[in-house]
Amino acid sequence: MNVAVTGGTGFIGRHVVEALCARGHAVTVLTRSTAPRPPAGARAMAWDPGGAAGRQPWWAAIAAADAVVNLAGESIAARRWSPAQKDRILTSRVHATRAVVAAMGADARRPRALINASAVGFYGPCGDEAVTEADGPGHDFLARLCVAWEDEARRAEEFGARVVLARLGLVLAGDGGALPRMVLPFRLLAGGPLGAGGQWVPWIHRDDAVALLLLLLDSGVARGPVNVVGPEPVRNRDFARALGHALRRPSWLPAPAPLLRLALGEAADGLLLAGQRALPRAAEALGHRFRYVTAGEALGAIYGR
């Protein structure tokens, strides 16, 4: 299979590309720069999804692909959510996806599938209610972001593509993503739950996330939203306890919600103090077998316990 991947040098994308190459697929990574380099076995092609309108040189990589995996987008946790940063987060996803879909429909030969990243933030803050792919969107910034992002991806259906919306939860690995930042207070013996700790954490180990993304790519029937989360979401206080156990550090000191809001503004509620009890019903129906069923198993594997 010939696969084009955006975001293929990132925290998740790099491992998706490595897995595709290991399977013998031809992989083209569409990248804004040559650093970091794509994994061995993949070729890199420069792209600028927000550049000039009309046909671009990188469109040829899309036209030649059997499938596209679109993981591009500004980090939602890199900076405080100022109005300008919220606009960057939104436009980076919407414009990149719009450009990918435009390239998919530009030639008679078209990719048969688009696996497009999204997030369980689609559901908004849900309290204790369990949510599945059958549930509708929330109303906060992250929910509106995901709706706009997914709407752009769905346009590829007009060209006959099978579109999968991979709603990612908190992806766990020791070398990137949110987890290393979460670990720091525990290393300093000041770890614990965030706020009251009752909010749900829809986590998934990166190995399972990559395996599930490849299953969505390989499947001829998967389409629409798929929650890329582990089978057992946990409350934040239980996640903190499991993380402390894996690190052999105490987990008793909570981070007060007012302090988090003071430091992070709106992002504190959107990313830390609210959550989704999201369940992977579509993944289970496709037959995905999770390597890590509980957060304790995942964190123990990451930190060697």
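Every number here is computed from the coordinates shown, using simple stated rules; none is lab data. Computed from a prediction, not measured in an experiment: that's the story for all the values here. Cβ placement follows ideal geometry from the backbone for every residue including glycine, while neighbour counts extend to all protein chains displayed.
If each DSSP helix of 4+ residues adds -39,500 (n - 2.57) and the sum is divided by the residues in the chain, what number results at 222 nm, nearest 500 deg cm²/dmol?
Values: 10 runs with 106 residues, N = 305.
Helix contribution divided over all residues of the chain: -10500 deg cm²/dmol.
Per the Kirkwood definition applied to all pairs of different Cα atoms, how many angstroms is the hydrodynamic radius of region 209-266? The partial results should precede the final answer.
Details: mean 1/r = 0.0668 Å⁻¹.
Kirkwood hydrodynamic radius for region 209-266: 15.0 Å.
On the first, second and third principal axes, largest extent first, how far apart are the outermost C-alpha atoms of region 140-225 in Å?
54, 29, 20
Please report the antiparallel percentage of the DSSP beta bridges confined to the chain, to the nearest 5. Show your work: numbers first, answer last.
Working: 2 of 37 bridges.
Expressed as a percentage, antiparallel bridges in the chain total about 5.
Just want to confirm a number: the relative contact order over region 87-150, from Cα pairs under 8 angstrom separated by 6+ residues, in percent. Each step should come with its number before you reach the end.
Values: 42 pairs, mean separation 23.0, N = 64.
In percent, rounded to a whole number, it is 36.
Find how many whole Å separate the alpha carbon centroid of region 184-253 from the alpha carbon centroid of region 258-298.
A separation of 6 Å, based on Cα centres.
How much length, in nm to one decimal, is gained on full extension between ALA46 and ALA130, taken as 0.36 nm per residue of separation minus their Cα-Cα distance? Walk me through the intermediate numbers first.
Values: separation 84, 0.36 × 84 = 30.24 nm, distance 4.11 nm.
Taking ALA46 through ALA130 to full extension adds about 26.1 nm, to one decimal.
Averaging the inverse of every distinct alpha carbon separation and then flipping it gives the Kirkwood radius. What is it for region 211-305, in angstrom units? Working shown, then result.
Working: mean 1/r = 0.0642 Å⁻¹.
Evaluated on region 211-305, it is 15.6 Å.
Could you order the peptides 99-108, 66-75, 127-136 from most to least packed, using the average number of other C-beta atoms within 10 Å per residue? Write out the running numbers ahead of the final one.
Details: 99-108: 20.2, 66-75: 22.7, 127-136: 13.6.
Listed from highest to lowest mean packing, they are 66-75, 99-108, 127-136.
May I ask you to order 37-43, 115-121, 163-169 by the average number of other C-beta atoms within 10 Å around their residues, highest value first? Mind dumping the intermediate values first?
Details: 37-43: 15.7, 115-121: 26.4, 163-169: 24.1.
Top of the packing list down: 115-121, 163-169, 37-43.
Compute the distance in nm between two label points, each set 7 Å from the Cα along the Cα-to-Cβ direction, one at ALA301 and one at ARG181.
For the pair ALA301/ARG181, the computed spacing is 2.4 nm.
Using a Förster distance of 25 angstrom, determine the FRET efficiency expected from the C-beta separation of ALA77 and LEU262, and round it to 0.05. Intermediate results must be reported in sequence, preceding the final value.
Working: r = 17 Å, r/R0 = 0.67.
That gives a FRET efficiency of 0.90.
Over the chain, what relative contact order in percent results from Cα pairs under 8 Å that are six or more residues apart?
Values: 626 pairs, mean separation 55.1, N = 305.
That works out to 18 percent.
What per residue convex hull volume, in Å³, do the alpha-carbon atoms of the chain yield? Show your work: numbers first, answer last.
Working: hull volume 38.4 nm³, N = 305.
Measuring per residue, one finds 126 Å³ for the Cα hull of the chain.
Kirkwood hydrodynamic radius (Cα pairs, Å) of region 134-283?
Details: mean 1/r = 0.0594 Å⁻¹.
By the Kirkwood definition, the hydrodynamic radius is 16.8 Å.
Can you list the equivalent-ellipsoid semi-axes of region 64-151, largest first and in whole Å, using the square root of 5 times each Cα gyration tensor eigenvalue? If you can, show how the numbers build up before the last one.
Values: eigenvalues 140, 63, 18 Å².
Taking √(5λ) for each eigenvalue gives 27, 18, 9 Å, largest first.
So what's region 1-89 giving for Cα Rg divided by 2.2 N^0.38 Å, two decimals? Walk me through the numbers on the way to the answer.
Working: Rg = 14.0 Å, N = 89, 2.2 N^0.38 = 12.1 Å.
Taking the Cα Rg and dividing by 2.2 N^0.38 Å, one obtains 1.16.
Full-extension gain between VAL221 and HIS139, please, as 0.36 nm times their residue separation minus the C-alpha to C-alpha distance. Kindly include the intermediate steps, with their values, before the conclusion.
Working: separation 82, 0.36 × 82 = 29.52 nm, distance 2.99 nm.
Full extension from VAL221 to HIS139 adds 26.5 nm.
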